[in-house]
Amino acid sequence: MQKQEIVPGKGQSKTGFFEGLATKAVSITGSAGAFITAMLVVIVWGVTGPIFNYSDTWQLVINTGTTIVTFLMVFLIQKSQNKDSKSVQLKLNELIAANKLASNRLIDAENLSEEELDILHKYYCKMVEVTQQHIHLRESHSVEEAIEGAMSKHNAEEEEKKP
């Protein structure tokens, strides 16, 4: 079975103007430099209060500025969170699809109704209870088991490539 690559590789994806702007803006505004800049703006504004006799215009400057920045940042942050959420969902879908024991019905779980999600949640809560009765919570897979699993996956992929 031939695998077909449908996702562009790193550096090959084409992003729209808004997506590119949102990614850069969120990256910049989430930095220490942006925080320091914002803090300095507030300090300068506060220091200039006596110069402007704490006038209505002086107060309006900071209120208007922060309102505009907040309003625009809501959309940029939401765009970034939507993209992050979708990429995490796709990664989880890949893990479910790749695991032979996982139920493929859960690949599209984000599109289930709240009631359906509650039913699944109860099912998995029951599964946790049963598991806790048989396995101590502090037990875990060993590093050796993880390496063995990764190697068996690698070997299976190599076998698939052979003609």
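The values are calculated or read from the model by the stated rules, or taken from the named source; none is laboratory data. Predicted model only: the values in this text are computed from it and were never measured. As a convention, Cβ positions derive from the backbone with ideal geometry for all residues, glycine included, and neighbour counts pool all protein chains shown. When the accessible area is computed, the model is the full protein with side chains, heavy atoms only, and any ligands, DNA or RNA have been set aside. Shrake-Rupley method; radii C 1.70, N 1.55, O 1.52, S 1.80 Å.
Of note:
- With the charge dipole of region 29-158 set up from +1 on Lys and Arg Cβ and -1 on Asp and Glu Cβ about the Cα centre, the Cα lying farthest toward the positive end among the listed residues Thr70, His121, Asn104 is that of Thr70.
- Neighbourhood net charge (13 Å Cβ-Cβ; Lys/Arg +1, Asp/Glu -1) for Gln89: -1
- Residues of the chain: accessible area per residue with a 1.4 Å probe, Å²: 90
- Relative contact order of the chain, taken over Cα pairs closer than 8 Å and 6 or more residues apart, is 19 percent.
- Estimated 222 nm signal from helices in the chain, with DSSP H stretches of n ≥ 4 weighted -39500 (n - 2.57), rounded to 500: -24000 deg cm²/dmol
- Square roots of five times the Cα gyration tensor eigenvalues for the chain, Å: 49, 24, 18
- On the chain, 63 percent of the accessible area sits on carbon and sulfur atoms, based on a 1.4 Å probe.
- Separation of the His154 and Ile96 label points, Cα + 7 Å toward Cβ, nm: 2.9
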